[in-house]
1. Quick one: if the Förster radius is 51 Å, what FRET efficiency do residue 33 and residue 460 give, using the C-beta to C-beta distance and rounding to 0.05?
2. What nm distance separates the two modelled labels at residue 183 and residue 467, each placed 7 Å from Cα along Cα→Cβ?
3. Tell me, what is the FRET efficiency for residue 45 and residue 174 to the nearest 0.05, using R0 = 22 angstrom and their Cβ-Cβ distance as r?
4. On average, how much area does the Cα convex hull of the chain cover when viewed from any direction, in nm²?
5. For n ≥ 4 DSSP H runs only, could you compute -39500 (n - 2.57) per run for the chain, divide by its residues and tell me the 222 nm figure to the nearest 500?
6. Going by average Cβ neighbours within 10 Å, how do the peptides 98-104, 266-272, 531-537, 422-428 rank, with the highest at the top?
7. Would you mind computing, in nm to one decimal, how far apart the modelled labels at residue 205 and residue 5 are, each placed 7 Å from Cα along Cα→Cβ?
8. At q = 0.25, 0.26 Å⁻¹, what is the base-10 log of I(q)/I(0) for segment 365-438 according to the Debye formula with one equal point scatterer per Cα and no solvent? Please give it to two decimals.
């Protein structure tokens with residue numbers, strides 16, 4: 001049979017077979033295999049846990065959750081920066097069959113209220129403050145508007161009236177036997193929803209992508225296998241656990257390999273280099289911005305980074321020059337992934353058997369058991385190899401849908417199982433994929449997906465703003481920066497700095513516009529739509545003017 005000329009790649013069965021495995025089952029299996037081997041190092045918390053420790057602590061918390069009244073398929077929101085308790089909650093909730101709802105701790109009250117209401121979360125575990133923001137006060141102010149919320153617990157310093165502490169919840173384990181936990185865990189199926197990850201569309205309304213045990217655990221297994229991860233690996237990363245990059249790629253990826261996760265609370269270049277050097281890190285997971293800062297850290301040249309074997313990155317355009325620098329200055333090999341939350345998350349990944357130039361020029365090939373095609377956005381027909389179209393994905397990895405949003409689910413998941421990515425892609429004759437753009441207006445700043453409609457909707461709540469449009473502009477460090485064009489209301493003259501301060505009070509930090517410009521009107525198409533392509537060009541010119 002001749003080679004196809006169409007950009008439609010059937011799923012490959014090379015690599016591990018899919019397993020009907022839950023996250024709790026994976027933890028138990030790996031603890032039995034690796035017992036005393038290190039599973040988690042979190043130096044800032046004084047944590048160095050073996051696989052036995054990780055399983056035992058997760059089991060005790062799981063029994064505490066049962067004693068607290070958390071039922072199977074209850075949605076439990078976790079709002080916290082990286083911490084050992086975050087991982088324990090991920091594992092314990094999986095064992096009791098509850099659904100982890102991941103929450104970015106940078107969200108403000110209005111954003112948090114929407115997420116808790118839309119997910120109908122029955123339980124919230126939260127820190128009381130984050131980077132100076134009084135999260136506890138925000139939650140206390142929301143309490144009356146959250147009819148589904150029945151249980152509230154805090155972790156870390158601080159308190160919220162009426163809330164338990166996570167330590168108190170854990171102590172409820174004394175009321176629940178190991179046999180009761182075993183029975184509950186046995187009732188959890190691999191097809192059950194394990195977590196809800198919130199992502200947004202061009203409408204600006206965040207959507208909760210439901211990911212199953214089957215999709216996330218197998219995605220992590222397949223990623224780890226292709227990368228060549230093994231039980232001697234130590235993955236050093238500050239990627240946030242509320243992202244799939246943290247809770248799937250890092251936590252489950254190392255769990256699947258039997259390796260050790262060396263976690264950081266947040267990214268700081270010198271601290272990351274410290275951890276690689278001190279713990280002989282072999283793998284890093286970091287967005288390009290982080291890698292650039294590590295390479296440019298003043299102490300980089302005197303570090304012993306000889307253990308660093310794999311530089312794992314994704315989330316934005318990956319400069320080939322950066323990957324060459326990492327190979328030349330560190331000796332680490334590139335591992336580039338392309339994924340999306342709705343795909344649990346990895347779709348394609350570089351193949352270590354490819355030559356170096358291929359590995360840095362493409363997003364790799366689909367992971368096993370993953371079917372992809374590239375279709376014309378206009379006709380829906382599969383395009384030819386080398387032609388551009390929308391990337392679509394089908395297989396075990398795709399979301400079970402958006403929680404309580406059937407219409408949005410139908411827009412993304414087609415009746416025959418294909419998931420529309422909204423990405424513009426090209427497939428070459430060797431099955432390699434390149435992402436060449438995005439159909440949606442999403443922009444990516446420092447690895448964080450940002451959806452202009454969310455920022456636009458917030459700006460329109462300002463009394464002096466008539467209309468707003470947000471676009472991305474290229475930035476050499478962050479990948480893209482946020483540029484807001486604003487039409488003032490008649491008779492008003494809002495100042496750019498005042499608008500940025502307004503955004504700081506109501507939006508997460510990564511969504512804040514770096515640039516704000518007042519305009520009288522937006523460029524429009526003949527049928528009345530805003531021409532964002534012209535706005536992007538205008539924004540790029542403005543930035544060039546102020547930086548030259």
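1. 0.40
2. The two pseudo-label positions are separated by 6.3 nm.
3. Working from the Cβ atoms, E equals 0.35.
4. Seen from a random direction, the Cα hull of the chain projects 26.5 nm² on average.
5. After summing the helix terms and dividing by residue count, I get -9500 deg cm²/dmol.
6. With the highest mean Cβ count within 10 Å placed first, the list reads 98-104, 422-428, 266-272, 531-537.
7. Once both label points are built, they end up 4.4 nm from each other.
8. Log10 I(q)/I(0), no solvent term: -1.20, -1.25.
Any read-out appearing in this document is the output of simple, stated calculations on the displayed coordinates, not a laboratory observation. A quick note: this is a predicted structure, and the numbers were derived from the prediction, not measured. Neighbour counts are summed over all protein chains in view; Cβ atoms, including those assigned to glycine, are modelled from backbone coordinates with ideal geometry.
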